[in-house]
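So the structure is just underneath, and the comments pick up after that.
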Amino acid sequence: MPDRTTDAWRHLDAAHHLHPFTDYKALAAEGSRIIVRADGCSLWDSEGTEILDGMAGLWCVNVGYGRDELVQAAARQMSELPYYNLFFKTATRPAIELASRLADLAPPGLDHAFFANSGSEANDTIIRMVRQYWALEGHPERRVIIGRQNGYHGSTVAAASMGGMSAMHKQGGGTLPDFHHIREPHHFKYAQDQDPEAFGREAAGWLEEAIQAIGPERVAAFVGEPVQGAGGLIVPPPGYWAEIQRICSKHDILLIVDEVICGFGRTGQWFGSQTFDIRPDIMTLAKGLSSGYLPIAAVMVGQRIGRTLVEKGGEFVHGFTYSGHPTACAVALETLSIMERERLVERVRDDVGPYLMERLGALREHPLVGEVRGVGLMAGVELIRDKTAHAFFSPVGKVGTRCRDHCFNNNVIIRAVADTMVLSPPLVITPAQIDHMVDTLTRSLDQTE
Ligand code: PLP
C-alpha cells in the first residue's frame with residue numbers, strides 16, 4: 001500500500017468511497033478509523049492503537065485473525081488453480097471436497113450444497129430454489145415465503161424483501177411481492193411478564209395465523225435465523241422452534257433456517273439448528289464458513305428438494321461466476337480443519353460461552369440494563385429507559401449508538417442494534433479478553449448519558 005498519513009487516507013475515503021450501511025453525512029463529519037492489521041482478537045488502526053474486536057468483524061472471523069494456515073491454503077490453491085467455474089459440466093476438487101465435508105457436518109439429511117459468495121446471494125438462491133421446487137412438484141401457486149419482523153437475510157432486493165427490516169423495505173420502493181412477516185419471538189419486548197414457554201407457543205402461533213390468513217396452499221416456506229442476530233440478538237423462547245416445526249409439517253411448508261451467523265460454532269454447536277433441535281429442509285451458511293477470510297456461502301438442501309431438482313428439474317437456471325470459487329473453498333476447508341483441531345465448538349459450549357454469560361450477568365444490576373440474554377458466544381445487553389415501568393427509549397437507538405461509540409473510543413468493538421448492545425467475538429477469545437470486553441462495556445455504559 002502507498003505510504004500515506006492517516007489524514008490522507010481519510011481524505012481519499014471521504015472523496016471516493018461509499019461505505020455500506022453508513023450515514024454518509026455523519027461519516028464525513030467524523031472520518032473513518034482506518035484499520036491496518038489484525039491478529040487473534042485484536043485490530044490495529046493506522047495510529048497504532050489496538051482495538052479488541054468483540055464482533056469478530058461482522059460475526060464472521062470465528063477462528064480469529066492472523067491464521068497462517070488459511071493464508072497458506074489460499075496461496076497453495078491460487079498457484080495450482082486460482083479459479084475455475086462449475087457451470088458447464090466441470091467441477092473443481094476444492095468445491096467437491098467442501099460440498100462433501102459440509103454434507104457430513106450438517107444436520108442429518110442436508111446432503112447437497114449449492115455455493116454462493118455471500119449470505120445475501122445464498123438467500124436469494126433459496127427463494128428461486130423453493131419456488132422452483134414447488135413448481136416442479138405441481139404447485140406453482142406456493143410462492144409466499146413467511147419471515148419475521150427484524151429478521152435479516154441480506155441486502156439484495158430479494159433477500160431484503162424476505163427479511164423483516166422495515167428501514168430496508170422503505171428504501172428503494174418497498175418489497176417484492178409474495179413475502180410476509182410475522183412478529184419476532186422477542187420475549188422481553190412483547191411479553192416480559194408472561195411465562196417464556198407460554199410466550200414461545202404464542203409467538204409460534206403467529207405463524208399459524210399468517211398461514212391461515214394467506215391460505216396454506218399459497219405458502220412455500222417459513223424462514224428464520226435460529227437466533228435473530230442483526231435484529232437484536234433475539235434468543236427464541238423455549239418450545240418456539242418445536243412449535244414452528246410442527247406448524248410447518250402440518251401445512252407441508254418448507255422450513256428454511258438461515259445459519260449465516262449461527263453456523264460454525266457460534267451457539268455452542270456446529271449449527272444453531274442443533275442447539276434448538278430444528279430439522280430444516282434448507283439451511284444457508286456463510287460468514288464462519290471461511291471465517292471471513294474470503295467470501296463464500298452455501299445453501300444446503302436435503303433429499304426432498306435435492307431429489308426433485310435432480311430428477312424433475314431440467315436446468316437450474318441460476319448461479320454465480322464465483323460459485324464454489326476454488327480458493328475460497330480451500331480456505332473454507334482449512335477453516336473447518338482448524339475448528340475441528342482446536343475443538344472450537346466445544347470451547348464455546350463448555351468454556352468461553354458460559355464465561356461470557358456469567359460475566360455479563362453482573363450487568364443486570366446496571367440502571368440502564370433491562371435484559372442480558374445470549375447463547376454460546378453471542379450475547380445481547382438490552383438497554384432500557386425505566387426498568388420498573390418497562391419503558392423503552394424513544395426514539396429507539398440513540399442511547400445504544402452512544403454506548404457503542406463510547407466502546408469504540410475505549411477501543412473495544414461492540415455493536416448496537418437499536419438499544420441492544422451485541423457481542424459476538426471470535427471463538428478463540430480468552431477469558432482475560434472477555435474480562436476486558438465486559439469491563440469496557442461496563443465503563444462505556446457508565447459514560448452513556
Ligand atoms: N443472513 C444473516 C442471518 C445475516 O446476519 C447476514 C449478514 O449479516 C446475511 C444473511 C447476509 O450475509 P452477507 O452480508 O454475506 O450478504
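The values are calculated or read from the model by the stated rules, or taken from the named source; none is laboratory data. Values in this document were obtained by computation on a predicted structure and should not be read as measured data. Every residue, glycine among them, receives a Cβ derived from its backbone with ideal geometry; neighbour counts consider all protein chains shown.
Summary of values
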{"read-out": "Given (1) of a type in the set (A, V, I, L, M, F, W, C); (2) more than 9 Å from the ligand (Cβ to nearest atom); (3) in a helix (DSSP H, G or I); (4) buried (at least 18 other Cβ atoms within 10 Å of the Cβ), number of the condition ALA159 does not satisfy", "value": "(2)"}
{"read-out": "Candidate set from segment 405-449 (those that are within 16 Å of VAL372 (Cα to Cα) and free of Cβ contacts under 8 Å to residues at least 24 places away in the same chain); member that is surrounded by the fewest Cβ atoms within 10 Å (Cβ to Cβ)", "value": "ASP439"}
{"read-out": "Any hit, segment 248-258, residues being assigned to a loop (DSSP other than H, G, I, E, B) and polar (S, T, N, Q)", "value": "no"}
{"read-out": "Members of segment 130-171 that are farther than 17 Å from LEU255 by Cβ and either of a type in the set (A, V, I, L, M) or not assigned by TED's automatic domain parsing to the domain that holds PHE114 (or both)", "value": "ALA135, LEU136, VAL157, ALA158, ALA159, ALA160, MET165, ALA167, MET168"}
{"read-out": "In segment 297-326, residue farthest from LEU105 (Cα to Cα) [restricted to those that are hydrophobic (A, V, I, L, M, F, W, C) and part of a loop (DSSP other than H, G, I, E, B)]", "value": "VAL317"}
{"read-out": "Segments classed as helices (runs of 4 or more DSSP H), wholly inside segment 1-102, with at least 3 members that are under 30 Å from ALA416 (Cβ atoms) and touching a Ser or Thr at 6+ places or on another chain (Cβ under 7 Å)", "value": "6-16"}
{"read-out": "Pairs where the first residue, in segment 119-140, is over 18 Å from TYR322 (Cα atoms) and the second is more than 16 Å from the ligand (Cβ to nearest atom) and part of a helix (DSSP H, G or I), C-beta under 7 Å, 6+ apart", "value": "MET129/ILE305; TYR133/ILE305; TYR133/THR308; TYR133/LEU309; LEU136/THR308; LEU136/LYS312; GLU137/THR308; PRO140/TRP134"}
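So that you can scan it fast, the table gives a plain yes or no per residue for (1) crowded, with 18+ Cβ neighbours inside 10 Å; (2) basic (Lys, Arg); (3) within 30 Å of VAL381 (Cβ to Cβ); (4) touching a Leu at 6+ places or on another chain (Cβ under 9 Å):
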residue: ASP195; (1), (2), (3), (4): no, no, yes, no
residue: ARG201; (1), (2), (3), (4): no, yes, yes, no
residue: ALA204; (1), (2), (3), (4): yes, no, yes, no
residue: PRO216; (1), (2), (3), (4): no, no, no, no
residue: ALA220; (1), (2), (3), (4): yes, no, no, yes
residue: GLU225; (1), (2), (3), (4): yes, no, yes, no
residue: GLN228; (1), (2), (3), (4): yes, no, yes, no
residue: GLY231; (1), (2), (3), (4): yes, no, yes, no
residue: VAL235; (1), (2), (3), (4): yes, no, yes, no
